[in-house]
Amino acid sequence: MTDQINLVRASEVGKLPVVTIDGGEDAAEIKDVVYDASRHHLVGFTLNKRGWFRGTMKETLATENVAGIGPDAVMIESDACLNAADSAPEQLDRTGENYSVIGVPVVSSGGAALGTVVDVVIETGPDPKAVGYEVDNDGNRIFVPTSAQMGLSGDNLVVPAEADEFVRNDLAGFGAAVSSFRDLLAGRGDARGATS
Amino acid sequence: MRMDAHTSRKGGVDMDIIVILLIALVVIAVIGALFAFARTRQRSGSVLAAPEARQQKGSS
């Protein structure tokens, strides 16, 4: 049940170039990583232009149009995969309403303050999704898995008390913890958002 | 008198060069600051949660 999964920090994806497979060109550069915090799936990316005086592009990149997320680039089939402003997914189009999770305080349902969010861990693959949060706990970085029971707002991130035992101090061990945590939720029939 | 004139002219030329170099340095510094500002702005990406998460706040 503990399948090998590829994990990457969202902040690392945020600096990657977007490369077309058909032409090998740098079409853009990832700016913001947008995800649905209730379902945890990756919605897409906002983009920056390439070049010295580069600004934000009107086009966005939906996750459905991504061919692959690698350690050095985000691959798309062609320039046509970039979404124009009027054809972008609804959640990407409302970037003014989206809010940054970086710096949000993390509290467990047991009432324990776990620190503040410094990054989001993304599982790459055919269905990219957020699988956890990197939390700064008094200088110590820990990784907390997401779950269907979690509440998130711009004010607080609430994780279930059960997640405490799956907290890890390194990203390598966190992959196995995510799988184990999913198994736990599935075993309890409590994986509400996992199947969506 | 000729020495004074020569010195004055030479000093004037030196001042011109210094002023030109200073102006060039200021221009280069301004351009560098603009580039740095542009790069800083461009890399100010973040991780954003979609609005649906806010709507379901407290629903669980």
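The values are calculated or read from the model by the stated rules, or taken from the named source; none is laboratory data. What you see is a predicted model; the values in this text were computed from it and never measured. Reconstructed Cβ throughout: ideal geometry from the backbone, glycine too, with neighbour counts over all protein chains shown. Note: areas computed on protein heavy atoms with side chains; ligands, DNA, RNA excluded. Shrake-Rupley method; radii C 1.70, N 1.55, O 1.52, S 1.80 Å.
Quick notes on this one:
- Based on Cα contacts under 8 Å between residues 6+ apart, segment A:1-50 shows a relative contact order of 27 percent.
- Take B:Asp16: with every protein chain present and a 1.4 Å probe, its accessible area is about 90 Å².
- Label-point separation, A:Ala113 to A:Asp136 (7 Å along Cα→Cβ), nm: 1.4 nm
- Extended-chain gain in nm, criterion 0.36 nm per residue less alpha-carbon gap, A:Lys58 and A:Asp79: 6.2 nm
- Cα convex hull of segment A:17-134 - mean projected area over all directions, nm²: 8.3 nm²
- Efficiency of FRET from Cβ geometry, B:Phe37 and A:Leu171, R₀ 35 Å, rounded to 0.05: 0.60
- At full extension, A:Glu12 and A:Asn156 could sit 49.5 nm farther apart than now, given 0.36 nm per residue minus the alpha carbon distance.
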